[in-house]
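To keep things clear, I will list the structure first and then write my remarks on it.
The values are calculated or read from the model by the stated rules, or taken from the named source; none is laboratory data. Remember, it's a predicted structure, so these values are computed and weren't measured experimentally. Heads up, the Cβs are rebuilt from the backbone with ideal geometry, glycines too, and the neighbour counts pull from every protein chain shown.
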Amino acid sequence: MTDSSTSSSVGSNRVKRGLAEMLKGGVIMDVVNADQARIAEDAGAVAVMALERVPADIRSQGGVARMSDPDLIEGIQKAVSIPVMAKARIGHFVEAQILQALDVDYIDESEVLSPADYVNHIDKWNYTVPFVCGATNLGEALRRINEGAAMIRSKGEAGTGDVSEATKHIRKILGEIRALSAMAPDELYVAAKELQAPYDVVAEIAQTGKLPVVLFTAGGVATPADAAMMMQLGADGVFVGSGVFKSGDPAARAAAIVKATTFYDDPKVIAEASRGLGEAMVGINVSDLPAPHRLSERGW
Amino acid sequence: MAGNASRGVGPVGVLALQGDFREHARVLSSFGADVITVRRPSELALVSGLVIPGGESSVIDKLSRMFGLAEPLKAAIAAGLPVYGTCAGLIMLADTVRDAIAGQQSFGGLDIVVRRNAFGNQRESFEVDLDVPELGDPAVHAVFIRAPVVEEVGERASILAALDDGRVIAVEQGNLLGTSFHPEMTDDYRFHRRFYNRVLATAFHS
């Protein structure tokens with residue numbers, strides 16, 4: 001601590017978590033080039049996620065998916081003034097160093113890319129730039145927060161257009177938080193053990209009834225109704241990956257999802273927003289995906 | 001009309017199109033204020049004061065125009081509605097915005113020129129202790145997130161605080177108050193209190 005009025009600090013926990021606070025109630029859209037980034041910004045995206053291929057293409061084309069080319073990321077940074085996020089592979093701390101050097105606003109340590117380490121995630125405390133990480137349940141979210149994640153997104157099943165996994169994960173995380181809130185103090189020790197998460201943060205959540213960081217949802221959101229449902233379930237905001245730019249009319253669909261996210265509790269507005277959007281992304285039922293192709297099972 | 005119904009104060013609104021509006025609502029509720037979220041003109045019509053939260057100014061602008069809120073809000077500001085804007089909210093209150101996205105508009109009211117993302121990207125976001133003479137001791141701990149800066153202050157606006165390098169980050173003009181930073185992210189609510197006192201004073205005079 002210092003009492004000097006000249007001292008200032010960057011990269012603090014509050015500043016890192018703070019940017020996510022400002023994104024709440026908004027839609028973060030996957031984009032693969034500067035033109036898409038401009039369309040997203042014009043449609044009211046609160047941030048864009050720069051990546052080389054949207055999850056639907058990663059899924060159909062196969063192969064190893066990695067961090068994007070720095071030229072592509074810089075092109076997107078130049079095209080828009082809203083925050084630009086970019087993905088690093090799970091455990092790939094050098095990709096994360098590169099993204100920080102490129103001055104991206106948030107790093108997504110993402111299961112959508114091929115993991116680089118099947119044991120360890122990135123030690124996210126070592127960076128000034130904040131991280132968002134995926135989670136399918138509360139224990140996973142807390143392990144990521146313990147590693148320094150400043151924002152959590154429920155994983156869903158990216159690149160499918162099937163929202164069922166997103167529903168499952170956000171319900172699971174919020175349900176487990178509600179369960180903690182109902183526990184007696186002496187039950188929290190075992191709860192922490194079962195969640196495989198540090199006791200301190202478990203006790204804090206039991207008391208506050210919420211994660212210490214912002215919780216978005218992701219993976220399979222393709223329509224305004226999907227986005228509004230995630231918000232009604234309790235998400236702070238929504239990531240839309242393939243759902244926008246794999247649809248018939250990306251600009252209209254993007255704007256419609258933004259409207260539905262703000263007015264998530266007003267069916268009239270959502271109905272209006274849902275009209276005449278053309279074709280939604282084709283989609284794959286998650287139940288038709290063989291287990292090895294389920295991205296949400298990456299990360300632990 | 002609310003003024004006729006009771007001599008008390010109508011609810012205080014928090015613009016809830018996007019951003020950290022819940023945090024502002026929590027602060028105002030701690031004062032005992034009746035707080036409502038505002039997304040529609042019908043809700044705006046009820047309030048005795050409004051907070052415009054942090055968030056993405058380009059998104060708040062777009063949604064406020066799309067849902068018919070921008071024009072009534074401009075009229076309310078012109079008619080003296082007390083409004084406090086933080087970060088994106090300060091941008092929305094500025095008469096002129098630099099580095100806006102194409103076609104971006106503001107509600108205006110503050111006779112200032114603001115630059116968006118004036119410090120750069122998230123890596124440059126910071127916290128610092130600020131001396132705010134109007135608020136006295138102790139210093140205000142201010143959190144700046146991809147924050148704007150007031151680059152020009154017109155005759156009608158006055159400066160409440162500046163960084164050590166002289167850059168202006170808090171201003172006031174009549175019933176309008178704007179800060180580049182986020183008091184709602186700290187435990188120091190003196191800026192909110194200053195706004196709320198203005199709400200009370202305005203309501204009791206009308």
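Every condition in (1) in contact with a strand residue (DSSP E or B) (Cβ under 6 Å, 6 or more places away or on another chain); (2) under 28 Å from B:Ser64 (Cβ atoms); (3) among the basic types (Lys, Arg) is met by A:Lys87 except one, and the failing one is (2). Check region A:175-187 and report whether any residue there is β-branched (Val, Ile, Thr) and within 29 Å of A:Met231 (Cβ to Cβ). Yes: one or more hits. A:Val221: in a loop (DSSP other than H, G, I, E, B), away from chain B (no Cβ under 14 Å) and buried (at least 16 other Cβ atoms within 10 Å of the Cβ), yes or no? Against the criterion (in a loop (DSSP other than H, G, I, E, B), away from chain B (no Cβ under 14 Å) and buried (at least 16 other Cβ atoms within 10 Å of the Cβ)), A:Val221 qualifies. Is there a residue being among the aromatic types (Phe, Trp, Tyr), at pLDDT 95 or above and not in a strand (DSSP E or B) anywhere in region B:111-126? The answer is yes, given that some residue of region B:111-126 is among the aromatic types (Phe, Trp, Tyr), at pLDDT 95 or above and not in a strand (DSSP E or B). Say we look at region A:125-135 and pick out the residues that are within 14 Å of chain B (Cβ to nearest Cβ) and touching an Asp or Glu at 6+ places or on another chain (Cβ under 6 Å); which of these is surrounded by the most Cβ atoms within 10 Å (Cβ to Cβ)? Among them, the one singled out is A:Val132.
Scan region A:3-25 for residues that are within 19 Å of A:Pro224 (Cα to Cα) and out of contact with any strand residue (DSSP E or B) (no Cβ under 7 Å at 6 or more places or on another chain) and the total you get is 1. Does region A:166-174 contain at least one residue that is part of a loop (DSSP other than H, G, I, E, B), buried (at least 19 other Cβ atoms within 10 Å of the Cβ), touching a residue at least 60 places away in the same chain (Cβ under 8 Å) and within 13 Å of the chain's Cα centre (by Cα)? Looking for residues that are part of a loop (DSSP other than H, G, I, E, B), buried (at least 19 other Cβ atoms within 10 Å of the Cβ), touching a residue at least 60 places away in the same chain (Cβ under 8 Å) and within 13 Å of the chain's Cα centre (by Cα), one finds none in region A:166-174, hence no. For region B:17-34, taking the residues that are among the hydrophobic types (A, V, I, L, M, F, W, C) and buried (at least 21 other Cβ atoms within 10 Å of the Cβ), the one that is nearest to the other protein chains (Cβ to nearest Cβ) is identified as B:Leu17.
Scan region B:55-86 for residues that are farther than 18 Å from A:Glu41 by Cβ, part of a loop (DSSP other than H, G, I, E, B) and within 14 Å of another protein chain (Cβ to nearest Cβ) and the total you get is 3. Taking the criterion of being out of contact with any Asp or Glu (no Cβ under 6 Å at 6 or more places or on another chain) and buried (at least 20 other Cβ atoms within 10 Å of the Cβ), the residues of region A:54-78 that qualify are A:Pro55, A:Ala56, A:Ile58, A:Arg59, A:Ala65, A:Ile73, A:Ile76, A:Gln77. For A:Asp42, the conditions (1) closer than 19 Å to A:Ala88 by Cβ; (2) in contact with a helix residue (DSSP H, G or I) (Cβ under 9 Å, 6 or more places away or on another chain) all hold with the exception of (1). Checking each residue in region A:204-218 for being in a loop (DSSP other than H, G, I, E, B) and more than 15 Å from the chain's Cα centre (by Cα) picks out A:Gly209, A:Lys210, A:Pro212. Is it the case that B:Glu134 is among the acidic types (Asp, Glu), over 24 Å from A:Ser9 (Cβ atoms) and either over 14 Å from the mean Cα position of the chain (by Cα) or surrounded by fewer than 20 Cβ atoms within 10 Å (Cβ to Cβ) (or both)? Spelling it out, B:Glu134 is indeed among the acidic types (Asp, Glu), over 24 Å from A:Ser9 (Cβ atoms) and either over 14 Å from the mean Cα position of the chain (by Cα) or surrounded by fewer than 20 Cβ atoms within 10 Å (Cβ to Cβ) (or both). Only one of the numbered conditions (1) surrounded by 12 or more Cβ atoms within 10 Å (Cβ to Cβ); (2) more than 30 Å from A:Asn146 (Cβ to Cβ); (3) modelled with pLDDT under 95 is not met by A:His293, and that is (2).
Scanning region B:35-76 for residues that are β-branched (Val, Ile, Thr) and surrounded by fewer than 24 Cβ atoms within 10 Å (Cβ to Cβ) yields B:Val35, B:Ile36, B:Thr37.
Restricting attention to region B:112-133, does a residue exist that is free of Cβ contacts under 8 Å to residues at least 12 places away in the same chain, of a type in the set (A, V, I, L, M, F, W, C) and within 7 Å of another protein chain (Cβ to nearest Cβ)? No - not one qualifying residue is present in region B:112-133.
Candidates A:Ile28, A:Ile73: the one that is part of a helix (DSSP H, G or I), among the β-branched types (Val, Ile, Thr) and more than 8 Å from chain B (Cβ to nearest Cβ) is A:Ile73. Has region B:152-167 got any residue that is of a type in the set (Ser, Thr, Tyr) and either within 14 Å of chain A (Cβ to nearest Cβ) or assigned to a strand (DSSP E or B) (or both)? Yes: one or more hits. Taking the conditions (1) within 14 Å of another protein chain (Cβ to nearest Cβ); (2) surrounded by fewer than 22 Cβ atoms within 10 Å (Cβ to Cβ); (3) in contact with a Pro (Cβ under 7 Å, 6 or more places away or on another chain) in turn, A:Gly91 satisfies each one other than (1).
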